[in-house]
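In what follows, a structure is listed as structure tokens, so that the remarks can point back to it.
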Amino acid sequence: MNTNEIIYQKGLPEKHKSNAVRLYDDAFGAKFSVAVRSYEKRIFLLNSCFMPEYAIVAIYDGKLIGIAGFHTPNGSLTGGITYRHLISQLGFIKGNWAALIFSLYDRKPTPGELVMDGIVVHSDFRGKGVGSRLLEEVVTYAKENEFNRVRLDVIDINPKAKKLYKRKGFKAVKSEYFPYLRWLLGFSGSTTMELNLENTA
């Protein structure tokens with residue numbers, strides 16, 4: 001594969017949306033399944049709630065191979081998952097449970113801040129620099145749109161991602177530990193990392 005042939009662009013084209021949803025669930029399904037156990041319902045929710053303008057995608061040979069979602073004060077890739085939508089799709093009890101779990105993951109951006117909403121690369125294309133390039137594209141977008149910083153959270157069971165973010169200049173600013181929730185969430189801590197964009201070229 002010639003990596004120079006990979007196209008990176010802002011926005012998720014409609015024709016790639018269903019593949020993006022499945023790719024996203026492959027990566028984060030374990031986390032989402034705590035909130036919504038049914039695979040079919042998760043896929044339906046993501047498909048109906050994705051906001052395509054809050055993503056950078058990687059396309060190779062006409063196929064979606066990677067996606068990086070982001071969150072600004074105006075919206076996010078998964079921003080369509082609202083309380084009302086969860087209740088209407090899952091019912092009162094399951095909808096409230098899902099809303100509670102999603103609230104544990106929620107990290108709203110402050111003014112001037114862009115928050116990463118997950119990077120996913122198809123398994124056939126991992127280790128080829130696609131995830132790194134997607135992160136760079138998000139940072140470039142943040143600079144071009146005059147954000148002051150980029151923030152993300154990385155969980156304690158993903159040290160590989162943490163190393164990537166460090167290489168790209170992100171610095172840890174806060175760590176949280178919640179071992180009592182490991183049985184529920186599948187991880188027991190997370191680190192908040194930031195990239196300061198002020199005074200950078």
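The single residue among His85, His71 that is over 23 Å from Phe125 (Cα atoms) and in contact with a Pro (Cβ under 6 Å, 6 or more places away or on another chain) turns out to be His71. Selection of region 115-154 for residues being at negative phi, outside any helix (DSSP H, G or I) and charged (D, E, K, R) yields Asp117, Arg126, Lys128, Arg149, Arg151, Asp153.
For Ile93, the test of being at pLDDT below 90 and surrounded by fewer than 16 Cβ atoms within 10 Å (Cβ to Cβ) is passed.
Just one residue in the set Phe50, Phe92, Phe32, Phe44 is farther than 24 Å from Glu146 by Cβ and touching a Lys or Arg at 6+ places or on another chain (Cβ under 6 Å); that residue is Phe32.
Of the set (1) surrounded by fewer than 18 Cβ atoms within 10 Å (Cβ to Cβ); (2) part of a helix (DSSP H, G or I); (3) not hydroxyl-bearing (Ser, Thr, Tyr), all apply to Phe32 but (1).
Within region 49-88, the set of residues being more than 22 Å from Gly129 (Cβ to Cβ), open to solvent by 50 Å² or more (accessible area, probe 1.4 Å) and small (Gly, Ala, Ser) comprises Ser88 only. Here Val173 meets each of (1) among the aliphatic types (A, V, I, L, M); (2) modelled with pLDDT of 90 or more; (3) open to solvent by 70 Å² or more (accessible area, probe 1.4 Å) with one exception, condition (2).
The values are calculated or read from the model by the stated rules, or taken from the named source; none is laboratory data. This is a predicted model, so every value here is computed, not measured. Here the Cβ is made from the backbone with ideal geometry for all residues, glycine too, and neighbour counts use every protein chain on show. Quick note on the areas: whole protein, heavy atoms, side chains included, nothing else; ligands and nucleic acids left out. Shrake-Rupley method; radii C 1.70, N 1.55, O 1.52, S 1.80 Å.
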